[in-house]
Amino acid sequence: GNSVTQMEGPVTLSEEAFLTINCTYTATGYPSLFWYVQYPGEGLQLLLKATKADDKGSNKGFEATYRKETTSFHLEKGSVQVSDSAVYFCALSALTGGFKTIFGAGTRLFVKA
Amino acid sequence: GAGVSQSPRYKVAKRGQDVALRCDPISGHVSLFWYQQALGQGPEFLTYFQNEAQLDKSGLPSDRFFAERPEGSVSTLKIQRTQQEDSAVYLCASSLTTSGRQETQYFGPGTRLLVL
């Protein structure tokens with residue numbers, strides 16, 4: 001079946017450091033890929049998405065590229081801020097999965113000043 | 001207008017009690033999803049509505065779980081005879097149309113259920 005695997009956290013970085021959170025997926029067909037973020041005390045919200053191979057999603061300085069050849073959708077940011085501290089979820093939705101969106105387990109990011 | 005709202009925000013139930021969790025989606029949103037999120041895990045799909053029709057209930061863990069959306073707006077997730085393993089955060093999300101696989105889902109704050 002379809003699945004998402006993302007790197008375990010927590011990830012602790014200093015402000016202005018480079019961030020990568022790895023995400024790989026297994027799916028038949030051509031899934032849509034998402035990164036959702038959950039800030040402390042808030043609900044999940046979409047950060048970015050990509051709906052076909054080689055698409056790059058971007059928002060708030062974060063980027064992720066849909067790589068079909070490596071079945072990956074790694075999240076990157078060139079310079080993190082304290083306000084980026086949150087839990088990040090990689091997710092996919094595929095025609096072969098019905099109406100399900102499948103989420104990874106989440107990666108908690110702490111950014112120190 | 002307002003985002004997705006859920007009530008109650010917290011619910012403590014004794015094992016064996018029935019509970020009902022409410023979701024008010026964004027006005028006009030056609031699609032509605034329910035998820036269960038265990039501590040330290042990602043959300044797991046429970047069920048999907050397109051207007052009032054429940055098109056996918058493959059994620060409901062047992063026949064103790066029941067969801068409805070009778071008028072295509074507010075939805076209720078009911079859990080009968082609650083068990084300790086039902087303790088989790090229950091999330092509701094809505095999206096604008098029926099193209100759910102590519103669409104952004106807007107999540108509510110969740111209901112945290114604790115079964116003692």
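The mean number of partner chain beta-carbon atoms within 10 angstrom of a residue's beta-carbon across peptide A:43-53 is 4. The count of lysine pairs in chain A whose Cα atoms are under 20 Å apart, excluding pairs fewer than 8 places apart on the same chain, comes to 11.
Here B:Ser73, A:Ser3 are placed in order of increasing Cβ neighbour count within 10 Å, fewest first, which gives A:Ser3, B:Ser73. Restricting the GluC sites (Glu not before Pro) of the range A:1-98 to loop positions (DSSP other than H, G, I, E, B) with no more than 15 neighbouring Cβ atoms within 10 Å leaves A:Glu8, A:Glu15, A:Glu16, A:Glu42, A:Glu69.
Given contacts defined as C-alpha pairs under 8 Å and at least six residues apart, what's the relative contact order of chain B, whole-number percent?
36
For the range A:30-113, the equivalent ellipsoid derived from the alpha-carbon gyration tensor has semi-axes of 23, 15, 9 Å in decreasing order.
Placing unit charges on the Cβ atoms only, positive for Lys and Arg and negative for Asp and Glu, gives the range B:1-64 a dipole magnitude near 360 debye about its Cα centre. Other protein chain C-beta atoms within 10 Å of residue C-beta, averaged over B:85-93: 1. Averaged over peptide A:1-7, the number of partner chain Cβ atoms lying within 10 Å of each residue's Cβ comes to 0. For chain A, modelled as a GNM with alpha-carbon contacts under 10 angstrom, which of A:Gly78, A:Gly41, A:Gly97 fluctuates the most? It is A:Gly41. Which Cα, out of A:Thr24, A:Ser14, B:Leu32, lies furthest along the positive dipole direction of the protein assembly as shown (beta carbon charges, K/R +1, D/E -1)? Highest projection toward the positive end goes to B:Leu32. Over the range B:1-91, the ratio between the Cα radius of gyration and 2.2 N^0.38 Å evaluates to 1.05.
Every number in this text was worked out from the coordinates using simple rules, so none of it is lab data. Note that the structure is a prediction, hence the values are computed from the model and not measured. We place every Cβ from the backbone using ideal geometry, glycine too, and count neighbours over all the protein chains shown.
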